[in-house]
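Worksheet: the structure to be examined is printed underneath.
Nothing in this text is a laboratory measurement; each read-out follows from the coordinates by a stated rule. Everything quoted here is computed from the prediction, not taken from an experiment. When we count neighbours, we look across all protein chains shown, and the Cβ atoms used for this are built from the backbone with ideal geometry, even at glycine.
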Amino acid sequence: MREGQPRHSESPGQNIEKEKKRASLNELFSEAKDKIIDGVFFLLSKTDPHIVAHEKRIKKSEKIGKMAGDFFEKLIPESLHKPDKRYRHPPREDVFNDIYRTRLILREAVAAGSRQFYQAAEQAVLKPEMQTEESQGRLFEKESGDYTTQFIVKSFNQDGGENIIKEEVLNSLKPGDFSIPSSDLIVANPTNGFKIDLGQLLPKDFKFEPPEMSKIEEKKNPLTGKVKRKVLPVDLRTYQGTKNAPDNFYALMGAKIVGYGDLTKKGGFLSLFHEIAHAWQEAHHDNFARSEFEEFQKTVSSCLLDISIGKELLAEEEINQEKFEEVLLKPNIDKLKELGVEFDLESFENSEREPKEGEFKIADAAFQEKFYIIKSEHLTELIGNYAREERDAWAHAIRVLRFVKKQGMDLEPELKSIKDIREMIDHSLGTYQDYLDEIVDSNEEVRRFVRRKKEKE
Ligand SMILES: [Zn+2]
């Protein structure tokens, strides 16, 4: 409205003025309408930045995990310890895929025989948005025959950042007998809306498990040294979640399991990715270096234990020389020769003696307090492969972490510098070196060999 117009009287001139005003109001309104329509059409067009951004977020969330999994696979042939098996990675179902999730939960519900369980679990899992605060979750449980199906969703804030870690744990419990746990792990960044389904980073058939939910009883036969393992039942009610869980990360090759400790702490995801890298190595190797090394130790020490027992029996005149050679000495020497192992029959058990040039002192796989001195070039190679395999797993883990960060998900907000990462790896490699020291004592030359390989990292 223009100002200074008379309002108290009307004249023909004023009527014209009014018409003009109406006209101009009309114009104004229609201009505004055009603007609004333009605006709406602009919003309806494909270029609406809000829609585009949101679509990108969802697509990207689905893709970050897949891309990171693919990256792990591509990195394996680049390893120092080269793969010896072809592996084809089948597409893995994404936890963000509602149809897949519904089917999965439905399957569990059918197994548990409960519609109620299904509905409750569906509600907890298919919530459109990630929880933005910590939650201990509610336990869903259904008994069916001897089995109890348990399910819980827990959410935790990651230290030093804004990420939310969501843990969905499923447990099939046979009370008094055993239990089978498994987890889906999802990380979300509430600020940029990105999410990552960590299951997408695993090779075929691998799954995550919380170590706290997986208790194994080991019983050692004092005579043979053989260890019997039994899975114990663990109730999901006792599980506190990943936060404050013990520092326990592992990859179980045969069982195809990756166990995780505290993912909310600094270095948690670096450790997890390191174990995931080992899972990928397993997928690409018939001969996994660590297993080969451990198998070697087991076989060699069991042969030498036989000979050692034979020597005792002979000394106590329980058996004669002929029997000793025929039954205990010759078959074991043959086996050891096949493995490229030499030893001195008189002094291989002398654990006081320091290993000489080219010799190793290895622990008995069954009786760790027993040591044998052997000569083996093959062992040098096995330890070398093992060291390279370890180095590869760290390299792959760091690369994939950096890749994921570039896509918008910083999973290690507290590992800011190279120094931070180095400290984390040093700590873990220290454990690995301790492990080697515990089972293999060698002359200076081989020690340097292992260290030299490690220093290249
Ligand atoms: Zn490792």
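Table for the structure above
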| read-out | value |
| --- | --- |
| Charge context of Ile76, other residues only, Cβ under 12 angstrom, K/R +1, D/E -1 | -2 |
| Computed lengthening from Glu93 to Glu342, 0.36 nm per intervening residue step minus Cα-Cα distance | 84.6 nm |
| Hydrodynamic radius by Kirkwood, which averages 1/r over all alpha carbon pairs of the stretch 136-242, in angstrom | 15.8 Å |
| Among the listed pairs Lys215/Lys256; Lys335/Lys356; Lys337/Lys375; Lys74/Lys416; Lys323/Lys375; Lys256/Lys405, those beyond 19 Å (Cα-Cα) | Lys335/Lys356; Lys74/Lys416; Lys323/Lys375; Lys256/Lys405 |
| q = 0.20, 0.30 Å⁻¹: log10 I(q)/I(0) that the Debye formula gives for the stretch 374-434, counting C-alpha atoms only | -0.84, -1.24 |
| Inverse of mean 1/r across different Cα pairs in the stretch 290-425, Kirkwood, Å | 18.0 Å |
| Difference of contour (0.36 nm per residue) and Cα-Cα distance, Lys298 to Lys416 | 38.3 nm |
| Chain lengthening between Glu322 and Ser144 when straightened (0.36 nm per residue, less Cα-Cα) | 57.9 nm |
| Relative contact order [Cα under 8 Å, 6+ residues apart], the stretch 262-359, whole percent | 21 percent |
| Label-to-label distance, nm, for residues given as Ala255 and Asn221 (7 Å Cα→Cβ offset) | 2.2 nm |
| Given charges at Cβ of Lys, Arg, Asp, Glu: the stretch 291-384 dipole, positive-most of Leu328, Ser302, Ser347 | Ser302 |
